[in-house]
Each structure stands twice: as structure tokens, then as C-alpha cells.
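Novice: One structure is given below, represented as C-alpha cells, and several questions about it will come after.
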Amino acid sequence: MTAPARHRRTVRLSRALGIPLTPKAEKYFERRPYPPGEHGRARRRNDSDYSVRLKEKQRLRAQYGIREAQMLAAYKEAKRLPGLTGENLVELLEVRLDALVLRSGFARTMAQARQLVVHRHIMVDGKRVDRPSFKVKEGQMIHVHEKSAQTEPFQIAAAGGHRDVLPATPGYLNVQLDALQSTLVRKPKREEVPVTADVQLVVEHYSR
């Protein structure tokens, strides 16, 4: 899929889910804050309980850019853990390496963060990690490979070039942006994680 085609797809998905998934999509979303298609502006009938829960699950999954199989696996793991399943689910998704690369300001979008990991630019405690789904543990440091850090995209990131489109750094991360280093100091709390989703509805969707 070409870059323009991916962008159009992301914009359509953003409008369908009611949330901007990328900075570019946000601009289009502000101009057309209704679902895509010829009936997008029409008043919609009341959605069924199933469709409401399904949409909430799709919103959460889209914000992390993961496949359904990955989402379902995360839900099953969250269900086994003590505590509230919905909060556990967000925590498990948030400690993925690609998510923390984005939150740290090393990338502009989740897709870009995933690409940086896959292309082996990212290290965890001194070792290259090329799996976006890698779960970062408390106390582990995420940093950019020394050679990669000299390239223009990372120099832009180190200078704070993505601050205009990213939320404030969450409290569970200690970020030294100029050094392209970030440490997960503790587990994320649901209220701190900058994703838009009613996690209880997501849990209800999977537990139906």
C-alpha cells in the first residue's frame, strides 16, 4: 500500500471511529467530523449495544495499531491478572515497546514508532529489540542506537520536533529527550494513558 493510500485509509478510519489516529488525520477530522460515505452526515439510528461495544473495541485497537488476534490475546492475559480487566488491558497495551517509543517522543505516530522498532533503531537496556510487541518492564531503559541517533529523523525528535502533536509525557516515563533515552519507572495507570476508549465496554464486548 502506498503512503497516500495508507493516509486515506487512516483518515477514513479516524472519521468512522470518531477519533483522529494521526496528526494529519486530525486536520481532516476537524474539517469533516462525521463518518465517511454518502450517508456520513445523516442522523444515525440508535446503535445497538453490540455495535457500541464493538466500536469501542475498534477504537482502542486502532490507537495501538494492532491486529485483532493481538488484541484478543492481550484481553485474555488481562483477564487472568488480579484487578480490573479493563485497566489491566490498557496497561498491557501501553507497555508495548512501540507504544512507549511514541510516548517518549521518539516518533510522531504509532505507525512510525513501530517502524523504528522493526528497523532495529531501538534498544532496551543496551540490546536491540525489533519486536514492537516487546513488553518493557519497570526500570528498563529505552534508547536509540548510537548510530541511528545521528540521523535526521532522530535529531528532529531529540530537539522536541514532535511535541506539537503528542500529549504531555506521562508520569510513568522518565524521558531525557535530548539524549533519546526513556525509562519506564512504574506501571501505567489507566487515567494517565492518552488513549480514548471506554475500557469497560471493551471488556463487555469480549466477555459477551
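Novice: Given a 1.4 angstrom probe, what's the average accessible area per residue across segment 150-208, in square angstrom?
Specialist: Values: 3320 Å² over 59 residues.
For segment 150-208, the per-residue accessible area is 56 Å².
Novice: Order MET123, MET71, most accessible first, counting only protein heavy atoms with a 1.4 angstrom probe. Mind showing how you got there, number by number?
Specialist: Numbers: MET123 25, MET71 0 Å².
The residues order as MET123, MET71, largest area first.
Novice: A further question on this structure: Return the FRET efficiency for the residue pair THR151, ALA111: r is the Cβ-Cβ distance, R0 is 22 Å, and the value is rounded to the nearest 0.05. Don't jump to the answer; show the numbers that get you there.
Specialist: Details: r = 18 Å, r/R0 = 0.82.
With a Förster radius of 22 Å, E is 0.75.
Novice: Of LYS127/LYS147; LYS55/LYS187; LYS79/LYS135; LYS127/LYS189; LYS135/LYS187, which pairs sit farther than 20 Å apart, going by alpha carbon to alpha carbon?
Specialist: Values: LYS127/LYS147 14 Å; LYS55/LYS187 27 Å; LYS79/LYS135 17 Å; LYS127/LYS189 27 Å; LYS135/LYS187 11 Å.
Over 20 Å apart, Cα to Cα: LYS55/LYS187; LYS127/LYS189.
Novice: Also, quick follow-up: Excluding ligands, DNA and RNA, what is the solvent-accessible area per residue of segment 62-140 at a probe of 1.4 Å, expressed in Å²? Walk me through the numbers on the way to the answer.
Specialist: On the way: 3650 Å² over 79 residues.
It amounts to 46 Å² per residue over segment 62-140.
Novice: Once amide H atoms are built 1.01 Å from N in the peptide plane, which residues 5 or more positions from GLN181, or in another chain, come under 5 Å H to H?
Specialist: GLN176
Novice: Note the full-extension length gain between ARG163 and ARG208 as 0.36 nm times their separation in residues minus their Cα-Cα distance, in nm to one decimal. Write down the numbers at each step before the final one.
Specialist: Details: separation 45, 0.36 × 45 = 16.20 nm, distance 3.98 nm.
Full extension of this stretch gives 12.2 nm more.
Novice: Continuing with the same structure: How much net charge surrounds GLY160 when only the other residues with a Cβ under 13 Å from the Cβ of GLY160 are counted, with Lys and Arg +1 and Asp and Glu -1?
Specialist: On the way: positive: ARG108, ARG163; negative: ASP164, ASP178.
Spelling it out: positives minus negatives among the neighbours equals 0.
Novice: Okay, next question. How many percent of the accessible area of segment 49-208 is carbon or sulfur, using a 1.4 Å probe? All intermediate terms of the calculation are to be shown ahead of the outcome.
Specialist: Numbers: 3970 of 8150 Å².
So the carbon and sulfur contribution to the accessible surface is 49 percent.
Novice: Segment 148-190: which trypsin sites (Lys or Arg not before Pro) are DSSP loop and have at most 13 other beta-carbon atoms within 10 angstrom? Display every interim value, and only then the final one.
Specialist: Numbers: sites: ARG163, ARG186, LYS189, ARG190; in loops: ARG163, ARG186, LYS189.
Passing both the DSSP loop test and the Cβ count: ARG163, ARG186.
The values are calculated or read from the model by the stated rules, or taken from the named source; none is laboratory data. Model, not experiment: these values are computed from the prediction. Please note: Cβ atoms are built from the backbone with ideal geometry, for glycine as well, and neighbour counts cover all protein chains shown. Surface areas here come from the heavy atoms of the whole protein model, side chains and all, with no ligands, DNA or RNA. Shrake-Rupley method; radii C 1.70, N 1.55, O 1.52, S 1.80 Å.
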